[in-house]
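Following: one structure in structure tokens, then a few remarks.
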Amino acid sequence: MDYRVADLSLAEFGRKEITLAEHEMPGLMAMRARYGEAKPLAGARIAGSLHMTIQTAVLIETLVALGAEVRWASCNIFSTQDHAAAAMVVGPNGTPEAPSGVPVFAWKGETLEEYWDCTEQILTWPDGQPPNMILDDGGDATLLVHRAVEAVKSGELPEATEDDSEEWRVICALIARNIAAGTTDWVALANEVRGVTEETTTGVLRLYDMERAGSLLFPAINVNDSVTKSKFDNKYGCRHSLIDGINRATDVLIGGKVAVVCGYGDVGKGCAESLRGQGARVIVTEIDPICALQAAMDGYQVATLDDVVEQGDIFVTATGNLDVITADQMARMKHQAIVGNIGHFDNEIDMAGLARLEGVERIEIKPQVHEWRFPDGHSILVLSEGRLLNLGNATGHPSFVMSNSFTNQVLAQIELYAKTADYPTGVYVLPKHLDEEVARLHLDSLGVRLTELTPKQADYLGVSVEGPFKPDTYRY
Ligand code: NAI
């Protein structure tokens with residue numbers, strides 16, 4: 001088995017935490033109980049690109065229990081938990097000397113080149129056969145396939161200009177190298193892929209863009225917009241893991257501080273609530289009048305970043321947008337202000353611009369925590385080099401909330417793999433009865449007792465006793 005992880009001797013620790021996590025992931029365990037015998041994913045060859053954490057380990061072993069073969073990489077250079085990666089490679093029945101688990105290509109602290117090599121590895125299977133499913137978080141695996149297919153079909157390699165990011169240069173170089181070596185038959189691969197299931201807001205945005213442009217090569221299920229994903233993981237997950245990241249990185253007391261949250265979508269709502277829960281005075285920035293009004297009615301001051309940049313002690317970006325905090329704004333912040341991003345990509349905070357400021361100095365406090373000192377002697381602390389801090393500085397969302405997200409992922413993989421004909425190329429969300437089912441699977445462990453509609457009540461509401469209970473337009 002080929003693989004690349006940090007240290008296989010961490011597998012035993014990983015396995016212990018996986019066992020604890022299984023108890024907290026009732027949705028995934030229900031999938032195993034329900035489909036373990038029928039194996040609806042038999043024959044599926046899944047290329048997975050999603051943070052290689054303990055929770056993801058439980059997802060991977062669920063996919064395997066349902067019959068799939070899997071190759072896995074992380075979707076962020078800092079998010080891998082090395083003990084989880086080791087446990088996946090060793091497998092439940094293997095040893096570090098004789099691993100018999102899943103080929104994983106992920107470790108904490110990859111370079112950008114290594115990151116994209118790992119993404120290439122999950123798409124290039126050693127038997128020469130292509131994968132037939134993709135499970136993506138942020139869309140990097142999907143992006144690589146689409147850019148490579150474009151290059152092969154047009155005969156023109158993608159190019160990076162001066163203004164492009166370092167990451168795009170790395171991708172262009174990888175595609176050029178891969179095509180020159182004939183490593184992957186990209187067109188055959190894209191034809192073979194039955195679909196992709198996408199985890200997050202930012203990846204979903206890319207999929208809808210490609211669908212609109214007519215360039216999407218295979219069907220996609222938007223897992224993010226299952227209610228039991230975005231209204232839970234994005235919100236309650238970040239409510240937990242944002243302050244976990246800030247605490248582990250800095251251990252600064254949050255109570256009494258002024259915290260600025262940029263973006264009041266699902267992630268921003270969770271972030272603002274967690275900071276307020278610690279006693280911070282939270283200020284929100286928004287571009288959308290609806291979300292701005294929501295923030296105001298939830299009791300937050302809503303301001304522009306420029307107006308409050310000198311007041312904040314902690315700044316968090318949660319927009320999925322670029323250039324949200326500029327280098328000049330960082331230079332204006334208080335001494336030792338903390339700056340972090342919890343959105344998917346590192347372009348929310350202008351790290352490249354910060355590095356270009358004249359006389360600025362970067363001092364490593366510890367991995368993923370850097371002090372940036374300005375020529376006048378004052379400094380700020382930047383977490384995870386501007387990449388998502390809850391996975392870079394802490395361990396991401398806890399198991400219970402990820403069980404909701406990942407049960408959607410499993411159901412979406414089954415839909416696209418086993419009912420391929422029902423999904424012509426396009427972007428879909430899971431039907432509402434499955435969304436409700438995911439929630440239902442998580443009620444017992446919280447001691448929730450659900451009220452049942454009487455037939456008369458159901459009739460009055462115009463729904464069935466078993467659900468779905470809401471129209472698709474309902475926003476929760
Ligand atoms: P969303 O679309 O619900 O919210 C983003 C909000 O930011 C919107 O309300 C938008 O109006 C606002 N916004 C956009 N540009 C802005 C600007 N320049 N200034 C202020 N506000 C601005 O998206 P969601 O689901 O909250 O996701 C946000 C990001 O977080 C995405 O990149 C997503 O992929 C990522 N994400 C990260 C997670 C993590 O664990 N770190 C978990 C889930 C999502």
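The values are calculated or read from the model by the stated rules, or taken from the named source; none is laboratory data. As the structure is a prediction and not an experimental result, all values here were calculated from the model. Heads up, the Cβs are rebuilt from the backbone with ideal geometry, glycines too, and the neighbour counts pull from every protein chain shown. Please note that ligands, DNA and RNA were not included when accessible areas were found on the heavy atoms of the full protein model with its side chains. Shrake-Rupley method; radii C 1.70, N 1.55, O 1.52, S 1.80 Å.
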E166 meets each of (1) open to solvent by 40 Å² or more (accessible area, probe 1.4 Å); (2) in contact with a helix residue (DSSP H, G or I) (Cβ under 9 Å, 6 or more places away or on another chain); (3) at pLDDT 95 or above with one exception, condition (3)
Of those in the stretch 282-299 that are assigned to a helix (DSSP H, G or I) and within 12 Å of the ligand (Cβ to nearest atom), the residue surrounded by the most Cβ atoms within 10 Å (Cβ to Cβ) is A295
Taking the stretch 348-363 and keeping only residues that are touching a residue at least 12 places away in the same chain (Cβ under 8 Å) and either open to solvent by 60 Å² or more (accessible area, probe 1.4 Å) or touching a helix residue (DSSP H, G or I) at 6+ places or on another chain (Cβ under 9 Å) (or both), one is left with E348, I349, D350, M351, A352, G353, L354, R356, L357, E358, V360, E361
(Q) Based on this model, can you work out whether R212 counts as more than 11 Å from G139 (Cβ to Cβ), in contact with a helix residue (DSSP H, G or I) (Cβ under 6 Å, 6 or more places away or on another chain) and either away from the ligand (no atom under 15 Å from the Cβ) or open to solvent by 70 Å² or more (accessible area, probe 1.4 Å) (or both)? (A) no
Note on I221: of the conditions (1) of a type in the set (A, V, I, L, M); (2) open to solvent by 30 Å² or more (accessible area, probe 1.4 Å); (3) outside any loop (DSSP other than H, G, I, E, B), unmet is (2)
Of the listed residues (G392, G343, G386), the one being open to solvent by less than 30 Å² (accessible area, probe 1.4 Å), within 16 Å of the ligand (Cβ to nearest atom), over 17 Å from G109 (Cα atoms) and touching a residue at least 40 places away in the same chain (Cβ under 8 Å) is G343
Considering residues that are buried (at least 20 other Cβ atoms within 10 Å of the Cβ), of a type in the set (K, R) and assigned to a helix (DSSP H, G or I), the number found within the stretch 33-77 is 0
Of the conditions (1) in contact (Cβ under 8 Å) with a residue 60 or more places away in the chain; (2) of a type in the set (G, A, S); (3) open to solvent by less than 10 Å² (accessible area, probe 1.4 Å); (4) more than 11 Å from the ligand (Cβ to nearest atom), the single one that A337 does not satisfy is (1)
With respect to T197, determine if the residue is farther than 18 Å from C118 by Cα, within 16 Å of the ligand (Cβ to nearest atom) and either at pLDDT 95 or above or outside any helix (DSSP H, G or I) (or both).
yes
When restricted to E310, E273, the only residue more than 9 Å from the ligand (Cβ to nearest atom), within 15 Å of L242 (Cβ to Cβ) and outside any strand (DSSP E or B) is E273
Okay, helices (runs of 4 or more DSSP H) sitting entirely in the stretch 105-190 with 1 or more residues that are closer than 24 Å to N222 by Cα and among the charged types (D, E, K, R), I get 112-123, 140-154
query: Out of curiosity, is E12 under 21 Å from D244 (Cβ atoms), open to solvent by 30 Å² or more (accessible area, probe 1.4 Å) and in a helix (DSSP H, G or I)?
result: no
Scanning the stretch 352-383 for residues that are more than 16 Å from the ligand (Cβ to nearest atom) and either part of a helix (DSSP H, G or I) or among the charged types (D, E, K, R) (or both) gives A352, L354, A355, R356, E358, E361, R362, E364, K366, E371, R373, D376
